[in-house]
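First up is the structure itself, then whatever we jot down about it.
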Ligand SMILES: *Cc1c(COP(=O)(O)O)cnc(C)c1O
């Protein structure tokens with residue numbers, strides 16, 4: 001068996017939507033179709049404003065710019081995030097401050113977070129990996145107490161919820177990717193959500209070279225009309241996709257027998273989107289490595305292997321900002337992911353279950 005880790009969507013609405021965009025003749029990032037896409041995004045995610053951009057990385061960079069992050073400023077980021085969450089910090093010549101997570105989820109360890117906020121902290125970026133929510137209430141309280149804005153890198157968290165609100169609308173600015181692998185996929189692309197009009201205006205201007213006035217700095221981060229057209233036809237499928245993912249995850253979880261292999265923790269009042277089903281294992285780290293490799297041999301792919309997942313300050317680019325984050329080290333070495341996207345068949349789900357149930361004996 002060879003289970004695919006990537007969900008390739010076949011969506012009948014795409015062609016119609018693209019042809020409508022082509023017939024409309026305007027294909028740039030300022031067309032009425034892009035506006036229509038942004039309105040749909042704002043409505044679906046229940047946010048006042050949405051700005052579609054060319055990538056998730058561009059979304060994060062725009063958010064940092066809007067918050068006036070500059071040379072020498074500090075931006076807090078979890079070391080369990082991928083490098084794209086922090087590269088835009090470097091682009092603003094600011095310092096990424098790696099703050100430890102919890103041992104069993106991707107939320108910040110609240111004490112470490114408080115200890116690391118200084119008068120140079122311009123923003124906190126939180127990153128719900130594989131769409132798993134954490135304790136936002138505590139995080140938002142800290143942000144309010146210390147008056148530091150919260151950016152959510154929700155690139156993997158479309159339609160994850162916390163307290164019946166969508167992840168990406170809980171902080172000040174929500175950043176999403178619509179890269180081909182994400183739950184809303186437009187090939188390449190991203191978008192930004194905010195309820196703050198000034199932030200919206202800032203980002204809107206920044207993403208279209210500050211309206212070419214030459215007064216303030218700007219980039220060209222606009223999305224193209226064709227990608228927006230695909231976005232329009234696929235937004236309506238997000239709910240269905242997440243439902244199927246939740247159902248698949250549930251089937252696997254219900255079949256698990258080994259108490260040393262369990263789903264990663266998330267708050268009761270929240271719901272993951274199952275961008276990936278994440279397991280944590282209470283086996284020794286060496287054994288866990290073997291287990292992940294063995295699952296791979298059984299045709300069950302893991303994002304941990306695929307992306308060589310490790311805490312960010314172990315990458316050369318970020319070594320100079322290394323800080324000891326023992327929980328994040330532990331977390332990153334004790335988890336693995338299993339795909340649960342809608343193209344996975346029932347017999348494949350059962351193969352995943354039986355593999356997980358026998359794995360500790362095989363390795
Ligand atoms: C995919 C992703 C990004 C980057 O998005 P791109 O559209 O590829 O630039 C950033 N952060 C996280 C957590 C991601 O998963």
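Listed values, structure above:
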{"item": "Candidates 274, 330, 315, ranked by Gaussian network fluctuation over the chain, Cα under 10 Å, top entry", "result": "315"}
{"item": "The range 181-229: equivalent-ellipsoid semi-axes (sqrt of 5 x gyration tensor eigenvalues, Cα, Å)", "result": "23, 14, 8"}
{"item": "Neighbour-count ranking [beta-carbon atoms within 10 angstrom, fewest first] of 351, 314", "result": "314, 351"}
{"item": "Euclidean distance between Cα centres, the range 38-58 to the range 292-329, Å", "result": "30"}
{"item": "Å³ per residue enclosed by the Cα convex hull of the range 15-77", "result": "125"}
{"item": "Difference of contour (0.36 nm per residue) and Cα-Cα distance, residue 87 to residue 30", "result": "17.8 nm"}
{"item": "Antiparallel %, DSSP beta bridges [both residues in the chain], to 5", "result": "65"}
{"item": "Sequence-separation-based contact order of the range 230-329, relative, with Cα cut under 8 Å and 6+ spacing, percent", "result": "16"}
{"item": "Per-residue [θ]222 nm for the chain (sum of -39500 (n - 2.57) over DSSP H runs n ≥ 4, rounded to 500)", "result": "-12000 deg cm²/dmol"}
{"item": "For the range 58-169, convex hull volume per residue from C-alpha positions, Å³", "result": "91"}
{"item": "Whole-Å semi-axes of the ellipsoid equivalent to the range 273-317 (Cα gyration tensor, √5λ, descending)", "result": "19, 15, 12"}
{"item": "Highest-fluctuation residue, 107, 168, 218 considered, GNM on the chain with Cα pairs under 10 Å", "result": "218"}
{"item": "Rounded Å value of the spacing that divides the Cα centres of the range 182-214 and the range 72-129", "result": "22"}
{"item": "The chain, relative contact order in percent, only Cα pairs under 8 angstrom and at least six apart counted", "result": "23"}
{"item": "The range 31-108, relative contact order [Cα under 8 Å, separation at least 6], %", "result": "25"}
{"item": "Unit Cα scatterers, Debye sum, the range 204-363: log10 I(q)/I(0) for q = 0.08, 0.10 Å⁻¹", "result": "-0.37, -0.55"}
{"item": "5 Å binning of all Cα-Cα separations within the range 1-116, expressed as whole percents from 0 upward", "result": "2, 9, 12, 13, 15, 15, 13, 10, 7, 3, 1, 0"}
{"item": "Convex hull volume per residue for the range 291-333, taking Cα atoms only, in Å³", "result": "63"}
{"item": "Tail weight of P(r) past 35 Å, computed on alpha-carbon pairs of the chain, percent", "result": "24"}
{"item": "Full-extension gain in nm, residue 211 to residue 282, via 0.36 nm per residue minus C-alpha separation", "result": "20.2 nm"}
{"item": "5 Å-binned pair-distance histogram of the range 122-207 (Cα, whole percent)", "result": "3, 15, 24, 25, 19, 11, 3, 1"}
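Values in this text are rule-based calculations from the coordinates and carry no lab data. All values reported here derive from a predicted model rather than from experimental measurement. With ideal geometry, Cβ positions are generated from the backbone for all residues, glycine too; neighbour counts draw on all protein chains shown.
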